[in-house]
1. Restricting to helices (runs of 4 or more DSSP H) lying wholly in region 110-204: which have 1 or more residues that are over 26 Å from Ile320 (Cα atoms) and modelled with pLDDT of 90 or more?
2. Name the residue, out of Pro42, Pro59, Pro81, that is within 24 Å of Thr444 (Cα to Cα) and modelled with pLDDT of 90 or more.
3. Within region 482-503, identify whether any single residue is among the small types (Gly, Ala, Ser), surrounded by 20 or more Cβ atoms within 10 Å (Cβ to Cβ), within 24 Å of Asn643 (Cβ to Cβ) and over 21 Å from the mean Cα position of the chain (by Cα), and answer yes or no.
4. Please go through region 338-371 and pick out each residue that is part of a helix (DSSP H, G or I) and free of Cβ contacts under 8 Å to residues at least 60 places away in the same chain.
5. Name the residues in region 549-576 that are touching a strand residue (DSSP E or B) at 6+ places or on another chain (Cβ under 7 Å) and not in a strand (DSSP E or B), would you?
6. Mind checking which residues of region 483-525 are among the hydroxyl-bearing types (Ser, Thr, Tyr) and part of a loop (DSSP other than H, G, I, E, B)?
Amino acid sequence: MSTEPTDRKPLSETMIQTEREADQTTEWKPGDPIGYIRSEIPAFAMPPYTGERYEALVPDTLDIQERAGLAVNVLTEAVDPQADYEMYFSVAMNRNPALMCHNGSSICQAKFMESLPLMRMVSGSELNPEVDQIWMEAALRNLGPDGMYYYPLGGRPWALQGPWLEAAGGTKDRIMGKDQVIVPMSSGRILSAMMNYARRGDAALWRKEAERLVDGLVDLAVDRGSYAFFYPSNLFAVKGPTDDLGLSLHPGWAAAACFVALGLARVHRETGYEPAGTLAGKLLNYIMHELHYIEPDGSFGPAEQGYWHFHMHTYCLLAILEYALGTGDEEMLGLARRGFEHGRASGDALLGYFPENSGPNCGLQTTELCEVADMIALGLELSAAGAGDYWDDVDRWIRNIFAEGQMTPAKTVLLQRHASSLPVTAVDYNARMPGGALPSGYQTTDRVIERNIGGFAGWTQPNDWGIPGIMHCCTGNGTRTLYHIWEHILTYADGNLRVNLLLNRASPWVDVDSHIPYTGQVDVKIKKELDLAIRIPQWVEPGETRCRVSGAERALRFEGRYAQVGAVQSGDVVTLSFPIAERTETVWHPQDFQKQGQKYTVLVKGNTVVAIDPPGPTCPFFQRGHYRDNSTRWRKIERFVSNERP
């Protein structure tokens with residue numbers, strides 16, 4: 001296999017350059033019909049999201065249900081109603097007015113489609129209910145008679161605007177002028193979306209369509225026995241004669257097979273469809289053994305490349321982990337754990353700040369929230385599987401960079417103020433944002449910042465949201481991880497409930513009210529008779545922990561970090577309390593290995609950063625002085641407990 005020259009530009013730089021070069025101007029106007037490959041699709045039901053709703057007075061602390069509700073806003077608002085609600089991928093907040101636009105990166109639409117039903121189930125949000133139906137109709141219309149997932153170019157002239165042609169391994173001449181292209185990269189997330197909707201209704205339909213897509217991918221893949229790949233790339237694949245071009249692409253693009261592998265592994269894990277598991281394994285063998293993208297010790301490769309795109313590697317690890325959990329492959333499970341630990345050592349494990357690119361050929365890096373989201377998801381799934389104890393790692397990362405990296409209404413005020421302070425600009429905007437100069441129909445300035453509330457930042461610094469704004473790949477990954485967090489806050493099986501993360505959470509069995517970081521206290525309101533265990537944070541000694549059940553003291557025993565409360569009854573309120581204190585720590589910007597600059601002083605209370613110095617210049621992080629009061633603030637909310645189960 002050929003190796004990559006060490007002077008190759010990072011993927012992000014290549015993307016910017018090719019975005020500028022690719023400007024496909026066609027006769028097109030907003031609202032033109034999209035040329036889907038499939039005109040007739042089976043009818044399907046989109047049942048409402050039902051559940052119990054009730055008012056509750058809760059501590060004013062991090063609430064994943066609330067964050068999921070914000071996510072529904074961005075998933076259904078940062079889209080184009082005149083293009084079947086396709087996402088506007090790029091959001092520029094470094095111009096006045098703020099702008100968002102379509103481009104070829106809207107290939108990430110599949111990420112939104114996967115996340116939306118999960119965010120509705122967590123939050124109960126009924127905002128823009130028509131979007132779900134239209135998106136899944138589009139998914140079926142993109143699934144050709146041969147089972148391939150196609151990307152329509154007709155009615156979507158921005159479809160090739162971006163880095164994809166240059167990274168597509170010589171398919172440019174074969175793509176230009178066509179009405180449809182095959183996009184394996186989107187197929188994995190579409191498979192996951194189908195699995196999510198199969199849980200909600202019409203399970204037979206969605207499983208049948210998912211199996212058709214799996215069969216199409218099997219037919220499309222170049223199978224070399226122990227491994228497989230898509231020719232000439234995972235971005236735009238073609239049928240027909242093949243050569244070894246698939247082994248000579250930039251490893252970062254070639255490793256995009258992981259997007260397909262994860263979806264295949266998910267189908268196999270949930271349905272047992274063997275062709276999905278077989279192809280997933282072969283694609284992962286290609287990534288590991290042919291590309292050497294994940295080395296046996298878990299480090300990121302290829303070693304000679306000199307820099308690594310963090311998100312692509314962690315997504316490979318997520319695919320490896322999903323495959324391992326579905327097949328019981330202990331070797332793959334161990335590799336996922338080693339890769340996670342390598343990733344943890346490559347960033348800042350206090351803040352949860354992981355660089356967009358890492359390695360000796362990289363300077364200081366901003367972080368995409370993609371990286372943070374992936375690391376949290378990996379830590380949660382590994383911990384839940386018993387492959388490690390990373391609960392405190394993910395708790396820190398959730399509370400800090402992840403929570404700060406999601407756009408909240410408070411951040412909206414600061415970002416709007418920043419955009420309004422700039423001179424009024426024309427269509428062109430900073431080249432750091434993908435897109436360059438685009439025809440006006442590809443973009444909008446309508447309520448851009450408000451429509452993106454709930455989105456995840458694309459270029460944060462340790463102390464600031466960062467400008468220019470959002471790449472919605474980060475929103476797709478961040479919202480999916482919101483679900484992973486919500487799912488793993490607690491686990492229930494056979495009358496036993498374990499609280500793993502001390503975050504607010506409603507459920508059919510208990511409601512968790514977390515006072516952290518105001519005070520070291522968590523209240524668990526019992527709804528059903530069960531046996532309860534609560535994990536205490538790493539800064540707490542077991543002997544410092546006090547438990548009361550409906551006001552009466554109860555002695556605790558411990559199994560590892562879990563306080564065994566024991567049998568509780570409906571109506572009981574269990575209060576676990578322990579000390580929580582502030583400490584000051586020094587954080588160096590990841591990649592500043594000589595520690596000569598980019599130093600930050602952070603004030604930490606428990607696992608939560610409550611202040612950072614120096615503060616950010618535009619939309620500063622960690623403005624959390626109220627958490628230092630040692631007195632819980634309260635607020636009234638509507639809680640939602642879905643009738644559907646994860």
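1. 130-141
2. Values: Pro42 fails: within 24 Å of Thr444 (Cα to Cα); Pro59 fails: within 24 Å of Thr444 (Cα to Cα).
Residue meeting the stated conditions: Pro81.
3. Within region 482-503 (the criterion being among the small types (Gly, Ala, Ser), surrounded by 20 or more Cβ atoms within 10 Å (Cβ to Cβ), within 24 Å of Asn643 (Cβ to Cβ) and over 21 Å from the mean Cα position of the chain (by Cα)), the answer is no, since none of the residues qualifies.
4. Arg338, Gly339, Phe340, Glu341, His342, Gly343, Arg344, Ala345 - these are the residues of region 338-371 that are part of a helix (DSSP H, G or I) and free of Cβ contacts under 8 Å to residues at least 60 places away in the same chain.
5. Scanning region 549-576 gives Ser550, Arg554, Leu556, Arg561, Gln569, Ser570, Gly571, Asp572.
6. Here is the first cut: in region 483-525, the ones among the hydroxyl-bearing types (Ser, Thr, Tyr) are 483, 491-492, 507, 514, 518-519.
The answer is Ser507, Tyr518, Thr519.
One line per residue, one yes/no per condition, for (1) in the same structural domain as Ile64 (by TED's automatic domain parsing); (2) buried (at least 18 other Cβ atoms within 10 Å of the Cβ); (3) over 27 Å from Ser123 (Cα atoms):
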residue: Arg546; (1), (2), (3): no, no, yes
residue: Gly560; (1), (2), (3): no, no, yes
residue: Val587; (1), (2), (3): no, yes, yes
residue: Thr601; (1), (2), (3): no, no, yes
residue: Ile612; (1), (2), (3): no, yes, yes
residue: Cys619; (1), (2), (3): no, yes, no
residue: Lys636; (1), (2), (3): no, no, no
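For every residue, the table says whether it meets (1) more than 21 Å from Phe340 (Cβ to Cβ); (2) among the hydrophobic types (A, V, I, L, M, F, W, C); (3) assigned by TED's automatic domain parsing to the domain that holds Leu235.
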| site | (1), (2), (3) |
| --- | --- |
| Ala261 | no, yes, yes |
| Glu274 | yes, no, yes |
| Gly281 | no, no, yes |
| Ile294 | no, yes, yes |
| Gly298 | no, no, yes |
| Ala303 | no, yes, yes |
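The values are calculated or read from the model by the stated rules, or taken from the named source; none is laboratory data. Every value quoted in this text rests on a predicted model; they were computed, and no experiment measured them. Counting neighbours? That spans all protein chains shown, and the Cβs are built from the backbone with ideal geometry, glycine included.
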